[in-house]
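One structure below.
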Amino acid sequence: MSSTPPDIRQPGVSRRGFLKGSSAVASSLGMAVGAAKAQEAEASADARTIEMTVNGKTRHVSVEPRTTLVEALRDNLGLTGTKIGCNQGQCGACTILLDGARVNSCLTLTVTAEGAEIVTVEGLADPTGDLHPMQTAFAENDAFQCGYCTPGQILSAIACIEEGHASDAAEIREYMSGNLCRCGAYPNIVAAIEQVRDQQEG
Ligand code: FES
Ligand code: FES
């Protein structure tokens, strides 16, 4: 017994209609690519060269007005020790020192850092490779687990002591509250900061 195969074409979609639709999609994709290229050309026309001192060396970066400092450090200079967590000023993973003050580099536009002195985690060890005391204290106190938040925690911890906000554990917790740790290493981070504070005082 012969049977007619079922018609699996979508009702109302002819081959001509399908091809016409495809070319419309291709044409709008082409327009999107063209618009992206035009935007790129416009952006690079706006690029500015910014001079900064990063970890003791003069560096120049060519950035757009919208480029954040964490992007310039990571993408232009390859300093990927500075991490991006939330990218909106809430986690502290991107903390660096700018003219001695801790800042969230995800909220700082690179163009505002012209002439600034910047320190990232890569600049903490001395030229012989000896770790900064805060790095040593973090290691000795197991103050990290996955380590993702650690560069930001260490820069913030150094500033916390410099600012005079490490008199006791409660004050340290308060002034380190902008640096989140999803692994929950907080008690060990406080212990590391107390250790460095005591070394400096002793
Ligand atoms: S990445 Fe900058 S504060 Fe979270
Ligand atoms: S050590 Fe994992 S997020 Fe802090």
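When residues of the stretch 71-102 are filtered for being of a type outside the set (S, T, Y), in contact with a Lys or Arg (Cβ under 7 Å, 6 or more places away or on another chain) and closer than 15 Å to A116 by Cβ, how many remain?
Qualifying residue count for the region: 1.
Is at least one residue of the stretch 33-46 under 24 Å from the mean Cα position of the chain (by Cα), modelled with pLDDT of 55 or more and in a loop (DSSP other than H, G, I, E, B)?
yes
Away from ligand 1 (no atom under 16 Å from the Cβ) and within 19 Å of the chain's Cα centre (by Cα): does that describe F138?
Working: away from ligand 1 (no atom under 16 Å from the Cβ): yes; within 19 Å of the chain's Cα centre (by Cα): no.
It is false that F138 is away from ligand 1 (no atom under 16 Å from the Cβ) and within 19 Å of the chain's Cα centre (by Cα).
Quick one: is G147 within 16 Å of ligand 1 (Cβ to nearest atom), free of Cβ contacts under 8 Å to residues at least 60 places away in the same chain, out of contact with any Asp or Glu (no Cβ under 9 Å at 6 or more places or on another chain) and not basic (K, R)? Let's see the steps before the verdict.
Numbers: within 16 Å of ligand 1 (Cβ to nearest atom): yes; free of Cβ contacts under 8 Å to residues at least 60 places away in the same chain: yes; out of contact with any Asp or Glu (no Cβ under 9 Å at 6 or more places or on another chain): yes; not basic (K, R): yes.
For G147, the condition - within 16 Å of ligand 1 (Cβ to nearest atom), free of Cβ contacts under 8 Å to residues at least 60 places away in the same chain, out of contact with any Asp or Glu (no Cβ under 9 Å at 6 or more places or on another chain) and not basic (K, R) - is met.
Quick check on this structure: which one of I118, I158 is assigned by TED's automatic domain parsing to the domain that holds D99 and either closer than 28 Å to T67 by Cβ or among the small types (G, A, S) (or both)?
Numbers: I158 fails: assigned by TED's automatic domain parsing to the domain that holds D99.
Just one listed residue meets the conditions, I118.
What number goes with the only condition from (1) within 21 Å of the chain's Cα centre (by Cα); (2) more than 30 Å from R48 (Cα to Cα); (3) touching a residue at least 40 places away in the same chain (Cβ under 8 Å) that E114 does not pass?
Result: E114 fails condition (2) only.
Considering each of G89, G78, G85, G100 in turn, give the residue that is at pLDDT 95 or above, touching a Leu at 6+ places or on another chain (Cβ under 6 Å) and under 21 Å from C149 (Cα atoms).
Working: G78 fails: touching a Leu at 6+ places or on another chain (Cβ under 6 Å); G85 fails: touching a Leu at 6+ places or on another chain (Cβ under 6 Å); G100 fails: touching a Leu at 6+ places or on another chain (Cβ under 6 Å).
Within the list G89, G78, G85, G100, the selection yields G89.
For the structure I just gave you, tell me whether P187 is within 20 Å of G100 (Cβ to Cβ) and not in a loop (DSSP other than H, G, I, E, B).
Numbers: within 20 Å of G100 (Cβ to Cβ): no; not in a loop (DSSP other than H, G, I, E, B): yes.
So P187 does not fit the description; no.
Looking at the stretch 52-64, can you tell me whether even one residue there is loosely packed, with under 15 Cβ neighbours inside 10 Å, in contact with a Pro (Cβ under 8 Å, 6 or more places away or on another chain) and either within 29 Å of A157 (Cβ to Cβ) or not assigned by TED's automatic domain parsing to the domain that holds I158 (or both)?
no
Give me a count of the residues in the stretch 150-174 that are in contact with an Asp or Glu (Cβ under 6 Å, 6 or more places away or on another chain) and buried (at least 17 other Cβ atoms within 10 Å of the Cβ).
Residues in the stretch 150-174 being in contact with an Asp or Glu (Cβ under 6 Å, 6 or more places away or on another chain) and buried (at least 17 other Cβ atoms within 10 Å of the Cβ): 0 in total.
How many residues does the stretch 78-106 contain that are near ligand 1 (Cβ under 6 Å from one of its atoms) and either under 15 Å from G123 (Cα atoms) or outside any loop (DSSP other than H, G, I, E, B) (or both)?
Residues in the stretch 78-106 being near ligand 1 (Cβ under 6 Å from one of its atoms) and either under 15 Å from G123 (Cα atoms) or outside any loop (DSSP other than H, G, I, E, B) (or both): 2 in total.
Would you be able to tell me the number of residues in the stretch 134-181 that are among the aliphatic types (A, V, I, L, M), within 15 Å of ligand 2 (Cβ to nearest atom) and not in a helix (DSSP H, G or I)?
Going through the stretch 134-181 one residue at a time, the tally reaches 3.
Under 7 Å by Cβ, and 6 or more places apart or on different chains, what pairs join a residue from the stretch 175-201 that is farther than 28 Å from C86 by Cα with one that is among the β-branched types (V, I, T)?
That search, which allows pairs on different chains as well, returns V196/I161; R197/I161; Q200/I161.
The values are calculated or read from the model by the stated rules, or taken from the named source; none is laboratory data. Just so we're clear, the structure is a prediction, and the values are computed from it rather than from any experiment. All Cβ positions, glycine included, derive from the backbone under ideal geometry; neighbour counts span all protein chains shown.
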